[in-house]
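Asks: Below you will find the structure I want to go over with you.
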Amino acid sequence: MQILSITLKNIKSHRDTELTFSPGINVLSGPNGAGKSTIFEAIGYALFGVDAQNFVGNVERFISIGAKRGEIVVVFLVAEDEHYRVSRTVGTPSKWLLAREVGGEFEVEEHKDSKETEARLKELLGLNSGRSLAEQFELVIGPFQHEFLGPFVIKQPTRRRDKFDEMLGIDTWRKTFNETKELASAIKAKIDILESAIVPLREQVAELPLKKDKHKTAQADLEQAESKLAAQQQQLNDLRTLLLAVDKREKDLKALEQEIETFRERLRNGSEMIGKQKLLVDEAEKAHKIIEAATPGKKAYEQAELRLSELREQVKVQRQFEQEAAELKNRVGKLEERFKVETRSIEKIRAELILEEKALDEGHTTLALDNEQKVLADRLPDIRKKLEGIRTQLGQLEGRRAGLAEGSEKLGEGACPFFQEPCLNIAERPPGDVFLTKFAELDQERLRFQGVVEKLEQEESAASKASDQVKEVTVKRAGLEAQLASLADRRKTNENSAEKLAELHKEQEILRLELAEKQKVLESYSRLQSNIEMAEQEKQQHQSARDRFVANQQQATELDQRRADLEKFTKHLKQLQDDLVVREEAVSHAAKAYDAAEHEQLRQRKDALWGEVSALGQKAKSLADDVSRLSAEVDKLKQLEKSIAAKKELIKSYKEKEELVKFLRNRVFRNVSTYLSERFREEISQRANRIYRIIAEVDEELAWGENYRIILSDMVDGELRERYDDQLSGGQTMSAVVALRLAMLQTIGARIAFFDEPTSNLDAARRENLAQAFRAIDVGQEEVTEHWYDQLFLISHDVAFTEVTDQIIQIGEQY
């Protein structure tokens with residue numbers, strides 16, 4: 001088995017780190033805080049399923065600052081060309097996935113939960129012991145050095161023994177021995193409880209024979225009572241049958257009498273209805289005669305009402321025409337007023353425009369430009385350009401004069417103005433007045449330039465004033481042009497208004513024509529009101545005839561129906577009279593078949609017999625309750641007998657289990673852990689002793705004694721000397737611990753292991769020897785031990801490992 005690589009993303013200080021590993025010994029080196037221990041923790045988390053809280057206490061501290069999730073990926077080799085990749089995320093939700101390489105790609109294996117993933121990893125790593133992968137890593141394969149050293153310095157023998165038993169996986173037997181003591185006590189308590197529960201049950205079961213006798217007597221009494229009850233119930237049923245026949249005859253007789261009374265009541269009501277119906281027929285005949293007389297007047301009324309409705313509709317039309325004529329008249333008046341107002345406005349605006357145009361022409365004449373000023377204004381840019389050039393030449397002239405003045409001073413001191421050192425030429429020939437001519441020429445030229453500047457400045461001032469005047473006149477003339485343009489727009493707008501005024505006059509004439517037509521139409525409605533009054537008089541004249549017709553119309557319409565109803569009522573009354581005769585004959589026959597006195601005697605006999613049956617039934621019910629109660633009591637006591645038997649069998653079973661637990665505790669569990677501890681310590685001591693001799697280079701023998709104490713034995717003055725762990729130096733203890741751990745890893749079958757600073761507390765010689773011991777194990781030297789591991793991972797700053805390691809991995813600050 002070999003770990004090929006690991007990738008850490010957002011794990012503590014590792015934002016994005018990828019490392020590859022070699023077979024054999026891999027050493028992680030680097031400054032403190034670079035994240036070397038985090039690599040071990042990451043392998044334990046991803047490959048062995050260790051909880052991140054076991055490393056940092058809080059899962060959030062296992063993730064890089066500022067990140068929400070982290071991920072660790074480990075690629076490992078199980079057999080030749082059989083690669084696997086395990087990945088596990090940090091954060092919520094956490095995923096633990098195992099993938100196998102197939103055809104150059106990793107395919108994730110389907111596991112229902114993390115337990116199945118762990119079981120598969122156990123199989124691949126060859127660590128199929130009873131312990132979880134996390135426990136094997138934390139106890140032996142990958143604990144930090146101080147964590148593995150801890151159990152060796154425990155003073156209490158029992159605590160130290162329990163800790164190492166846990167590491168070796170043999171603590172289960174001792175725990176089983178302790179736990180089975182509680183089991184034995186629990187079994188004994190069960191037996192005591194069952195035996196104490198049987199005592200009161202036996203006292204209750206003693207009453208069973210007496211209960212059986214009572215139950216038998218009650219059962220006989222119940223059978224006798226039920227037999228007598230059945231005979232009386234049969235008599236009662238026969239009497240009920242006879243009484244039902246008599247009751248039916250009484251009921252039929254009363255029903256016939258009730259029907260006769262009903263028929264007589266219906267005959268009385270029928271006679272009354274026929275009398276009322278005759279009155280209704282008479283009233284309908286009278287109404288029919290009134291309608292025949294009032295029909296002509298009613299028709300004349302309706303014709304007058306129709307004529308009046310038509311005339312009123314014409315009134316509505318007349319009012320509509322009058323309203324439209326009024327509106328037209330109002331519009332004509334408004335248009336006339338508007339025409340007058342707009343005509344005056346247009347004439348007024350025309351006069352105003354003539355005056356404004358005359359004023360603008362006069363202003364334009366006064367703003368004529370002077371040609372001399374215009375020419376002078378045009379020369380202003382050239383004058384300013386010349387003035388600027390003269391001023392520049394004057395500045396250059398001043399610079400030349402200042403340079404000559406400085407040179408004159410230097411020469412006066414006898415120094416070269418260029419090399420700043422005494423001038424030999426001047427020392428041999430004094431300069432005399434060599435600069436006076438130059439100064440005079442420069443001063444004369446400066447006066448000439450100053451005269452030119454003054455003249456140009458005067459011209460510039462005059463040209464600037466002329467330019468300002470030209471600009472002012474130009475602006476004013478532009479304003480006049482704008483006013484003239486505005487004046488033209490206003491004149492055009494006014495003329496447009498005049499054209500629209502002609503259209504307004506046309507509209508006015510059209511409305512006058514419409515108004516004349518409306519007034520002509522209204523003249524045709526002049527006699528409308530007199531026609532309405534005549535129609536109302538005619539309607540009033542025939543009002544009474546129409547009212548009589550309406551008042552009697554309903555009754556006259558119902559005449560035929562009322563005559564038909566009268567005939568139907570008469571026939572129905574005759575049928576009722578015939579039916580009454582038939583039912584009176586039936587009552588006579590029914591009265592002869594019914595005897596009221598005999599009926600009453602049957603009822604009295606039924607009531608007496610019913611009382612006897614009820615009393616006997618109550619007695620039978622009471623006896624049945626007694627039988628049921630006694631039967632339940634007997635069944636309960638029989639159940640108690642069975643319960644006692646079952647408890648006895650259970651007590652027997654518990655006693656057998658009690659004997660078995662005693663046998664296992666005293667003959668098996670008590671001795672197995674001790675025996676296994678001796679075997680493990682003997683095997684580990686032999687391997688650790690060979691490794692220790694290489695590390696220490698002394699003639700001492702290392703043994704792992706009782707209660708896992710470290711023992712070093714040697715010969716002093718011909719006598720055997722044994723020193724225990726509390727008598728050893730730090731270097732001796734650390735050498736022995738490393739040797740024991742290497743031997744323990746080989747014993748449990750681990751193929752990889754992790755060591756954190758294994759050379760701490762060792763002197764230089766022992767550190768060198770420890771490195772050689774690791775290499776000896778790696779190559780399988782017989783005097784040390786056979787080769788048992790595939791990879792060792794060490795965190796170390798010791799140079800002793802540089803010569804024996806297969807790979808040194810530098811963990812730098814960049815990670």
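The values are calculated or read from the model by the stated rules, or taken from the named source; none is laboratory data. This one's a predicted model, so the numbers in the text were calculated from it and none came from an experiment. Neighbour counts run over all protein chains shown; Cβ positions are idealised from the backbone, glycine included. When the accessible area is computed, the model is the full protein with side chains, heavy atoms only, and any ligands, DNA or RNA have been set aside. Shrake-Rupley method; radii C 1.70, N 1.55, O 1.52, S 1.80 Å.
Asks: Can you pick out the pairs among K385/K465; K190/K211; K636/K657; K175/K652; K68/K112; K36/K155 whose Cα atoms lie more than 21 Å from each other? All intermediate terms of the calculation are to be shown ahead of the outcome.
Replies: Numbers: K385/K465 17 Å; K190/K211 32 Å; K636/K657 31 Å; K175/K652 28 Å; K68/K112 26 Å; K36/K155 32 Å.
Beyond 21 Å between Cα atoms: K190/K211; K636/K657; K175/K652; K68/K112; K36/K155.
Asks: Here's a follow-up. Would you mind calculating the gained length between S185 and S309 on full extension (0.36 nm times residue separation, minus the Cα-Cα distance), in nm to one decimal?
Replies: Working: separation 124, 0.36 × 124 = 44.64 nm, distance 12.14 nm.
Full-extension gain reported as 32.5 nm.
Asks: Sticking with this structure for a sec: Kirkwood Rh over Cα pairs of segment 195-293 into Stokes-Einstein at 37 °C, 0.692 mPa s: D in µm²/s?
Replies: Working: Rh = 22.8 Å.
The estimated diffusion coefficient comes to 144 µm²/s.
Asks: Sticking with this one: Expressed as a whole percent, how much of the Cα-Cα distance distribution for segment 458-542 exceeds 17 Å? Walk me through the intermediate numbers first.
Replies: Numbers: 2738 of 3570 pairs.
Of all Cα-Cα pairs in segment 458-542, 77 percent lie more than 17 Å apart.
Asks: Taking amide H atoms as placed 1.01 Å from N in the peptide plane, list the residues 5 or more away in sequence, or in a different chain, whose amide H sits under 5 Å from that of I3.
Replies: L77
Asks: Using modelled amide H (1.01 Å from N, peptide plane; none on Pro or chain starts), what sits under 5 Å from the amide H of F755, excluding residues fewer than 5 places away?
Replies: Amide H neighbours of F755, under 5 Å, 5+ apart: F793, L794, I795.
Asks: Right, here's the next one. For segment 568-578, what does the Karplus curve 6.51 cos²θ - 1.76 cosθ + 1.60, with θ = phi - 60°, yield as ³J(HN,Hα) per residue in whole Hz, taken in order and with x for Gly and Pro?
Replies: Whole-Hz 3J(HN,Hα) from phi for segment 568-578: 5, 4, 5, 5, 5, 5, 5, 5, 4, 5, 5.
Asks: Shifting gears a bit: Mind jotting down the three principal axis lengths of segment 501-569 based on Cα atoms? Whole angstrom, largest first.
Replies: 93, 26, 11
Asks: I would also like to ask the following. Quick one: divide the alpha-carbon radius of gyration of segment 8-48 by 2.2 N^0.38 Å and tell me what you get. List each step's numbers first, then the result.
Replies: Values: Rg = 10.6 Å, N = 41, 2.2 N^0.38 = 9.0 Å.
Cα-based Rg divided by the globular estimate yields 1.17.
Asks: Over the chain, with every protein chain in place, what whole percent of the accessible area is carbon and sulfur at 1.4 Å, could you tell me?
Replies: Values: 24940 of 49780 Å².
Percent of accessible area from carbon and sulfur atoms in the chain: 50.
Asks: If you don't mind, another one. Using a simple charge model, +1 on the beta-carbon of Lys and Arg, -1 on the beta-carbon of Asp and Glu, nothing else, what dipole does the chain show about its Cα centre, in debye to the nearest 20?
Replies: Details: 127 positive and 148 negative charges, 777 e Å.
It works out to roughly 3740 debye.
Asks: Now for a separate question. Provide the per-residue ³J(HN,Hα) series for segment 506-511, in order, calculated from phi with Karplus coefficients 6.51, -1.76, 1.60 and θ = phi - 60°, each as a whole number of Hz, with x at glycine and proline positions.
Replies: Ordered by residue, 3J(HN,Hα) equals 4, 4, 5, 5, 5, 5 Hz.
Asks: Still on this structure, I have one more. What base-10 log of the normalised intensity I(q)/I(0) is obtained for segment 1-91 from the Debye formula, alpha carbons as equal point scatterers, at q = 0.11 Å⁻¹?
Replies: Listed by q, the Debye log ratios stand at -0.30.
Asks: Express in nm, to one decimal, how much length is gained between L602 and R15 on full extension, taking 0.36 nm for each residue of separation and deducting their alpha carbon distance.
Replies: 200.2 nm
Asks: Next up: For segment 642-755, build the convex hull from the C-alpha positions and give me its volume per residue in Å³.
Replies: Details: hull volume 19.8 nm³, N = 114.
Hull volume normalised by residue count: 174 Å³.
Asks: In terms of the ratio Rg/(2.2 N^0.38 Å) built on C-alpha atoms, what value belongs to segment 89-139?
Replies: Numbers: Rg = 12.6 Å, N = 51, 2.2 N^0.38 = 9.8 Å.
Output field value: 1.29.
Asks: Amide H neighbours of I809 under 5 Å, at least 5 residues apart or on other chains, H built in the peptide plane: list them.
Replies: V27, L28, S29
Asks: Find which of A206, L8, T92 sits farthest along the positive direction of the dipole of the chain, computed with +1 on the beta-carbon of Lys and Arg, -1 on that of Asp and Glu, about the Cα centre.
Replies: Final value for the positive-end residue is A206.
Asks: Let me ask something else. Give me the one-decimal nm value for the distance between modelled label points at V375 and L573, 7 Å along each residue's Cα-to-Cβ direction.
Replies: Result: 15.0 nm between the two label points.
Asks: Give the cross-link partners of K254 among the lysines, using a straight C-alpha distance below 22 Å as the criterion and excluding same-chain residues fewer than 8 apart.
Replies: Here the lysines satisfying the reach criterion relative to K254 are K592.
Asks: For segment 236-314 and segment 475-492, what is the separation of their Cα centres, given in Å?
Replies: 106 Å
Asks: Okay, moving on. Let me know the Rg and Dmax you get for segment 499-637 when you use only its Cα atoms, in Å.
Replies: 51.1, 134
Asks: Given an 8 Å cut-off on Cα distances and at least 6 residues of separation, report the relative contact order of the chain as a percent.
Replies: Values: 878 pairs, mean separation 215.7, N = 815.
Once divided by the residue count of the chain, the mean separation gives 26 percent.
Asks: Something else about it: Per q in 0.19, 0.30 1/Å, what log10 I(q)/I(0) does a Debye calculation on the alpha-carbon atoms of segment 739-779 return?
Replies: -0.61, -1.19
Asks: Quick one: Debye curve from the C-alpha atoms of segment 294-367, no solvent, what's log10 I(q)/I(0) at q = 0.17, 0.25 Å⁻¹?
Replies: -0.83, -1.04
Asks: If you find the alpha carbon centre of segment 1-17 and of segment 319-341, how far apart are they in angstrom?
Replies: 102 Å
Asks: Here is a follow-up. In deg cm²/dmol, rounded to 500, what helix-only [θ] at 222 nm does the chain give when every DSSP H run of at least 4 residues adds -39500 (n - 2.57) and the total is split over its residues? Walk me through the intermediate numbers first.
Replies: On the way: 19 runs with 572 residues, N = 815.
So the calculated ellipticity at 222 nm is -25500 deg cm²/dmol.
Asks: Taking the solvent-accessible surface of protein heavy atoms with a 1.4 Å probe, what is the per residue accessible area of segment 168-274 in Å²?
Replies: Numbers: 7230 Å² over 107 residues.
I get 68 Å² per residue for this part.
Asks: If one computes the Cα centroid of segment 383-406 and of segment 81-118, what distance in Å separates the two points?
Replies: 91 Å
Asks: Right, something else. Give me the 1.4 Å probe accessible area per residue for segment 286-382, excluding ligands and nucleic acids, in Å². List each step's numbers first, then the result.
Replies: Working: 7080 Å² over 97 residues.
So segment 286-382 comes to 73 Å² accessible per residue, rounded to a whole number.
Asks: Also: Could you tell me what a quarter of the Cα convex hull surface of the chain works out to, in nm² with one decimal place? Intermediate values should be presented prior to the final figure.
Replies: Details: hull surface 492.6 nm².
Convex hull of Cα atoms, orientation-averaged projection: 123.2 nm².
Asks: Which value does Rg/Rh take for segment 110-269 over its C-alpha atoms, Rh per Kirkwood?
Replies: On the way: Rg = 45.9 Å, Rh = 27.4 Å.
Over the Cα atoms of segment 110-269, Rg/Rh equals 1.68.
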